[in-house]
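Student: Just passing along the structure, written as structure tokens.
Every read-out reported here was derived from the displayed coordinates using simple, explicitly stated rules and does not represent laboratory data. Keep in mind the model is a prediction, meaning the values are calculated, not measured. Here the Cβ positions follow ideal geometry from the backbone for every residue, glycine too, while neighbour counts run over all protein chains shown.
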Amino acid sequence: MKTILVPVDYSLDSRQALIFAIDLARLAQAKIVLLHAFHEPLSTGSALRVDEAVAQLEKEKNRVLEEFAAEVQSDTAKNFSLRFIRPQNVAPDIPANQPLTKSGNHVLVSDTIAAGKAAVKINCVSKFSLAAEAILEETVASKPDLIIMSMRGAGAVSQAFMGSTVSEVIQSTRVPVLALPAVAPNKPIRNIVFASDLTHLPEAFSLRSLQQIVSLFNAHLQVLHLYQDNSPQVEQAKVLKALELLDEQLRDLDFEVHFRQEADIATGIQQFAQEQQADLLALVPHRHTFLEKLLRKSITGQFTQKANLPLFILPSTIKPLSREARTI
């Protein structure tokens, strides 16, 4: 992972998304492209054309964005923790000569040492544009490996689980999206559930993205396949090719595949994620399948119990929806 795109609107939620992205960028040794899209009436004098006014406004907005980035990054460097590790359990990646506690029972390691807390390179981009359009354009310009954004921002309808901007980006981009809830959990991501309809072969590219994020977090992966009518033996045979693909593409990971018979797909995903105490839910947006149902349920307020769970949306080869079809 080399580049992470982070759209912000200066809301508290998008600030938390940037903090999350900075921490992940440190782990991955990646850079961040910080994007702010704005759309407001232009006031131009006779000496300025519209394009000149836009360029001037983008320049002014970018100065504010750079100050915001510096402030947030400075704040993240102030947060740290102390790890008490028994000497026999000190991992090879921990620098040598860490101090022992007075008793000698533990090696004392600050995460400012373990994680480096090095400054992350942040490139700021301000665009006079609607948010979703600006994000999609920037994926072409900066070619990010991941988009991290808040599920809701300053302009989102309060009842919506996912803001319209996030929904449009998810259904239009070929870049994985990590969507953070309104109140992002302040805990490590250790358990990832990948809910997938294995009757559709997962894309190799999507599985590589999944493997990368699981490895970065050093997390445990559980794959969930929900089915309705077949016997367990018939269902396993039906998805054999997908299981072989998982075996091949996730060769560097240990993982489990769970088969659950469930009439309601979104409910089944929600229940499994709760049972397994998932920290992150990974999905692939197959058209007319469980993600579409999940999104519809969330908008009507029937999926709000998952609002505190980050979503990792993997790209699909399914043709993006038209603007009319994307309207929820």
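Student: With θ set to phi - 60° and the Karplus curve 6.51 cos²θ - 1.76 cosθ + 1.60, what are the ³J(HN,Hα) couplings of the stretch 199-209 in order, to the nearest whole Hz, using x for Gly and Pro?
Tutor: Calculated HN-Hα couplings, in order: 6, 9, 4, x, 6, 4, 4, 5, 5, 5, 5 Hz.
Student: OK, next. Gln261's amide H: which non-local residues (gap 5+, or another chain) put their own amide H closer than 5 Å, with H modeled 1.01 Å from N in plane and none for Pro or chain starts?
Tutor: Placed amide hydrogens put Tyr227 under 5 Å from Gln261.
Student: Sticking with this one: Can you give me the long-range amide H partners of Leu224? Hydrogens built in the peptide plane at 1.01 Å from N, cutoff under 5 Å, separation of 5 or more residues or another chain.
Tutor: Phe194, Ala195, Ser196, His258
Student: What is the sum of charges, Lys and Arg at +1 and Asp and Glu at -1, for the other residues whose Cβ falls under 14 Å from the Cβ of Asn105?
Tutor: In short, +3.
Student: In terms of modelled amide H atoms, which long-range or inter-chain residues lie less than 5 Å from the amide H of Arg83?
Tutor: The answer is Val109, Ser110, Asp111.
Student: Quick one: 3J(HN,Hα) in Hz for the stretch 140-147, Karplus 6.51/-1.76/1.60 with θ = phi - 60°, rounded, Gly and Pro as x.
Tutor: With coefficients 6.51, -1.76 and 1.60, one gets 6, 6, 9, 6, x, 8, 7, 10 Hz.
Student: Can you list the HN-Hα couplings for the stretch 12-17, worked out from phi with the Karplus curve (6.51, -1.76, 1.60; θ = phi - 60°), rounded to whole Hz and with x for Gly and Pro?
Tutor: 4, 5, 6, 4, 5, 5
Student: May I pose another question? Taking the beta-carbon count within 10 Å as an exposure proxy, list Val6, Val54, Val107, Val284 from fewest neighbours to most.
Tutor: Lowest count first: Val54, Val107, Val284, Val6.
Student: Work through the residues other than Arg251 whose Cβ is under 13 Å from its Cβ and net out their charges, Lys, Arg +1 and Asp, Glu -1.
Tutor: Local charge sum for Arg251: -4.
Student: Which of the aspartates and glutamates could a cross-linker span from Lys241 if the Cα-Cα distance has to be under 13 Å and same-chain partners fewer than 8 positions apart are dropped?
Tutor: Partners within reach: Asp197, Glu203.
Student: R0 = 45 Å: FRET efficiency of Lys78 with Asp51, Cβ-based, nearest 0.05?
Tutor: Working from the Cβ atoms, E equals 0.60.
Student: Label point 7 Å out from Phe255 along Cα-to-Cβ: which residues of the stretch 1-45 have amide N under 19 Å?
Tutor: Within reach of a label on Phe255, which here means backbone N under 19 Å from a point 7 Å along Cα→Cβ, the stretch 1-45 contributes 1.
Student: What list do you get for His225, His39 if you sort them by fewest beta carbons within 10 Å?
Tutor: So the residues, fewest neighbours to most, are His39, His225.
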